[in-house]
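Participant: Would you mind keeping the following structure in view while I ask a few things?
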Amino acid sequence: MENVPFFTDDTIVFGILMLCLGLVFYTASINKGFWRSFYKFVPAILLCYLLPAIFNSLGIISPEWKELNADGELIEKSSNVYYIASRYLLPASLVLMTLSIDLKGIFNLGPKALIMFITGTLGIVFGGPIAILLISIVSPETVGGVEFDAVWRGLSTLAGSWIGGGANQAAMLEIYQYNPDKYGGMVLVDIVVANLWMAILLIGIGKSNKIDAWLKADNSAIESLKKKVSEYAESITRNPSLTDYIIMLSIAFVAVGIAHWGAGGISGLLSNNFEIFNDKSSALSSFTSRFFWMITIATAIGILLSYTKVKQYEGAGASKIGSIFIYILVATIGMKMDLGMVFENPGLIAIGLVWMTIHAVLLIGVAKIIKAPYFFLAVGSQANVGGVASAPVVAAAFHPSLATVGVLLAVLGYVVGTYGAILCTILMQIASGS
């Protein structure tokens, strides 16, 4: 058996994740003595992410492992908690947190969010070839390989993942035909580097005011939107009844059902009637992703409901329930991170770290020039690197009403992901001298 965790029962795993969330929120609520000082430096959301990662690293829980079946064959097993959180709770949270959305207020945030998203994309596109050039000076063999073992082919899948998402990553694997036996190494880099960067962004959220002051950023539009949403919520706040909770959960999960049904229908329509969408080497293949359409439809439903009387359920705590779902998702994302993996295959990890550093430096530089708030930097980055699962998490950490900004930018990342990754791969091939 390989890396079998101490607990494999998802019911127990989920209990451990909820224990982590409970401990974090309880200690954060004490707000005096050691804990008050501690949470001044460590954001609560970061701990919700790191504690499950520590449990994973210690072998107590794990997202996947291998064990022997009754016939003595080694088979792959996995936990379903992340799948449930990302497919059921994430779309439900987006619906609930979008009920009180002020769409006009989001558009009034101006072009800086889009500029930072594009900057993040360019940071990935140009960061890849620059990382190859820099690492080749120190360790040429790390960026070598011939034909389908060429490292630049494998890195193309990272470019797809870090600009768009899983569907774009799969498209790049199909286009450049990287050796599948070595593909696991690239997945490792993706998990380690992307999760480390997300942890850094979460740390920054706790210091966003200081960062904004250093950037000389004008975050008045963001604060105005948060204030407007908060004031609206306060004006309709009521003591929620059991009926309120049932109706809110009904709205959320009926919307989730519609989103899954619609996603399956659209994905099937495209793949069954248009051959171009079945060609995994085509940039259009990412549009057959059910996850992409599920998130898009759930967000659209939330936006439509925000123009109806359903919006008033914000006063009964709709966004708070949505935030609970988001924090559960954060814990399941953290569970996928094994801190010990940082020390495996250090050469490829080094490429990923240099690559992400270039992405970060470019974002910080442009944010400084255009005086963009840290919110735009963090969400613009996660809309690329984290995709539709992580961008709304980071956005909602600033305020639940801002989750939709993360979704909208992440959906844009899905659209441009394959095209940007192809450009990046061409540049990486040139940088590798292939």
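Participant: Using beta carbons and a limit of 7 Å, which pairs, at least six apart or on different chains, have the first residue in the stretch 383-411 and more than 17 Å from residue 221 (Cβ to Cβ) and without any contact (Cβ under 8 Å) to a residue 24 or more places away in the chain and the second one part of a helix (DSSP H, G or I) and among the small types (Gly, Ala, Ser)?
Facilitator: 391/383; 391/406; 391/410
Participant: Moving on to the next point. Got at least one residue in the stretch 73-93 being under 30 Å from residue 377 (Cβ atoms), of a type in the set (D, E, K, R) and surrounded by fewer than 23 Cβ atoms within 10 Å (Cβ to Cβ)?
Facilitator: yes
Participant: With (1) under 19 Å from residue 259 (Cβ atoms); (2) in contact with a Cys (Cβ under 9 Å, 6 or more places away or on another chain) as the list, and residue 330 as the residue in question, which single condition is left unmet?
Facilitator: (1)
Participant: All but one of (1) of a type outside the set (S, T, N, Q); (2) exposed (fewer than 15 other Cβ atoms within 10 Å of the Cβ); (3) within 28 Å of residue 399 (Cα to Cα) hold for residue 48, so report the exception by its number.
Facilitator: (2)
Participant: Pull out all pairs, ordered by first then second residue, where Cβ-Cβ is under 8 Å, the residues are six or more apart or on different chains, the first lies in the stretch 205-218 and is under 22 Å from residue 39 (Cα atoms), and the second is open to solvent by 20 Å² or more (accessible area, probe 1.4 Å) and charged (D, E, K, R).
Facilitator: 206/40
Participant: Suppose we filter the stretch 31-84 for residues that are closer than 22 Å to residue 188 by Cα and in a strand (DSSP E or B); how many remain?
Facilitator: Counting residues in the stretch 31-84 that are closer than 22 Å to residue 188 by Cα and in a strand (DSSP E or B) gives 9.
Participant: Take residues that are out of contact with any Gly (no Cβ under 9 Å at 6 or more places or on another chain) and at negative phi and tell me which of the helices (runs of 4 or more DSSP H) falling wholly in the stretch 319-434 contain 3 or more.
Facilitator: On the way: elements: 346-370, 374-385, 391-398, 403-431.
Because the criterion is at least 3 residues that are out of contact with any Gly (no Cβ under 9 Å at 6 or more places or on another chain) and at negative phi, the helices (runs of 4 or more DSSP H) in the stretch 319-434 that meet it are 346-370, 403-431.
Participant: Right, next: Among (1) touching a residue at least 60 places away in the same chain (Cβ under 8 Å); (2) surrounded by 12 or more Cβ atoms within 10 Å (Cβ to Cβ); (3) assigned to a helix (DSSP H, G or I), which single condition is residue 28 missing?
Facilitator: (1)
Participant: Right, here's the next one. In the stretch 369-388, what residues are under 12 Å from residue 413 (Cα atoms) and hydrophobic (A, V, I, L, M, F, W, C)?
Facilitator: Selection gives 379, 383, 385, 388.
Participant: Can you name the residue in the stretch 205-221 that is surrounded by 14 or more Cβ atoms within 10 Å (Cβ to Cβ), at pLDDT 80 or above and assigned to a helix (DSSP H, G or I) and is also nearest to the chain's Cα centre (by Cα) among such residues?
Facilitator: Looking at residues that are surrounded by 14 or more Cβ atoms within 10 Å (Cβ to Cβ), at pLDDT 80 or above and assigned to a helix (DSSP H, G or I), I get 205.
The values are calculated or read from the model by the stated rules, or taken from the named source; none is laboratory data. All of these numbers come straight from a predicted model, not from anything done at the bench. Quick reminder, even Gly has a Cβ in these numbers, built from the backbone with ideal geometry, and neighbours come from all protein chains shown. These area figures cover heavy atoms from the full protein model, side chains too; ligands, DNA and RNA do not enter into them. Shrake-Rupley method; radii C 1.70, N 1.55, O 1.52, S 1.80 Å.
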